[in-house]
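No value in this document is a laboratory result; all are computed from the given coordinates. Owing to the predicted nature of the structure, the values given are computational and were not obtained by experimental measurement. For neighbour counting, all protein chains shown are included, and Cβ atoms are generated from backbone atoms with ideal geometry for every residue, glycine included.
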Amino acid sequence: MTSTSESLLSSLRWRYATKKFDPARKIPADTWAALEQSLVLTPSSFGLQPWKFMVIQNPGVRALLLEESWKQPQVTDASHYVVLTARTDLNATDIDAWISRMSEVQGSAPEALAPLKGMIQGFAQAMSHEARHAWNIRQIYIALGQLMTSAAVLGIDACPMEGLSTAGYDQILGLEGSDYATVVACALGYRAQDDKYATIPKARFEPSKVIEHV
């Protein structure tokens, strides 16, 4: 499967943080399945995937989340709404689970993965609990970027949502006391015909200001 450089750039130029979605248009099931897989396939440090992606389709739950999101209409109007949550820690159980999964998928003996396991454990133990959570949170933004780029390539509009109460989301979604906490959300669907932001030129610095070749 291939794509051209121009088709990629065209998709990225087309996308913008959609402020007004058409609530009548829904993402087809096969397209949404591909977007979910883009989340599953997101790269992460050591491959640990310290996250859970919650697809919120229940209208009642979305209405509650709206109140914790400065009443931004994307929460309820978008076809799909994803809350990206991060593991609150990185412990031995997490590492064991990942090593076990690698062994299963790659057909490797667990003992052959012992050096990798030891390296990850040493890395995690060198950090405080707070630092491990912060590290997991940074991983979430890799997933958010992958989701938004994948959506643009498939012609799906998206809007990253940081304007929300993470504590409020955690309470509504039953995450309090769990091993996960809300970081950010993303609304996905189709732009409304009258979303004024769709026609505003995309403002970016010149490449020479943000890219340096060494």
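Within segment 125-138, can one find any residue that is crowded, with 20+ Cβ neighbours inside 10 Å and touching a residue at least 60 places away in the same chain (Cβ under 8 Å)?
Initially, segment 125-138 is screened for residues crowded, with 20+ Cβ neighbours inside 10 Å, giving 132, 136.
Then drop every residue that is not touching a residue at least 60 places away in the same chain (Cβ under 8 Å), which leaves 136.
Scanning segment 125-138 turns up at least one residue that is crowded, with 20+ Cβ neighbours inside 10 Å and touching a residue at least 60 places away in the same chain (Cβ under 8 Å).
Applying the selection to segment 106-139, what residues are assigned to a helix (DSSP H, G or I) and more than 30 Å from Ala185 (Cα to Cα)?
Filtering segment 106-139 down to residues assigned to a helix (DSSP H, G or I) leaves 106, 110-125, 129-139.
Gln106, Pro110, Glu111, Ala112, Leu113, Ala114, Pro115, Leu116, Lys117, Gly118, Met119, Gly122, listed by residue number.
As an exercise: evaluate Ala198 against (1) part of a loop (DSSP other than H, G, I, E, B); (2) over 17 Å from Ile140 (Cβ atoms) and give the number of the one condition it does not meet.
If we test Ala198 against (1) part of a loop (DSSP other than H, G, I, E, B); (2) over 17 Å from Ile140 (Cβ atoms), just (1) comes out false.
Can you tell me which residue within segment 145-161, out of those that are in a helix (DSSP H, G or I) and in contact with a Ser or Thr (Cβ under 9 Å, 6 or more places away or on another chain), is surrounded by the fewest Cβ atoms within 10 Å (Cβ to Cβ)? Steps first, please.
Just the residues of segment 145-161 that are in a helix (DSSP H, G or I), to begin with: 145-153.
When the remaining residues are screened for being in contact with a Ser or Thr (Cβ under 9 Å, 6 or more places away or on another chain), the result is 145-147, 149-153.
Details: Gly145: 12, Gln146: 16, Leu147: 23, Thr149: 16, Ser150: 21, Ala151: 24, Ala152: 19, Val153: 18.
Once the filter is applied, the top-ranked residue is Gly145.
Any residue in segment 150-167 that is among the β-branched types (Val, Ile, Thr) and under 19 Å from Pro73 (Cβ atoms)?
Within segment 150-167, one or more residues are among the β-branched types (Val, Ile, Thr) and under 19 Å from Pro73 (Cβ atoms).
Could you please give the count of residues in segment 1-31 that are under 28 Å from Pro201 (Cα atoms) and assigned to a helix (DSSP H, G or I)? Spell out the reasoning first.
Here is the first cut: in segment 1-31, the ones under 28 Å from Pro201 (Cα atoms) are 3-27, 31.
Pick out the ones that are also assigned to a helix (DSSP H, G or I) and you get 5-14, 31.
Total satisfying the criteria: 11.
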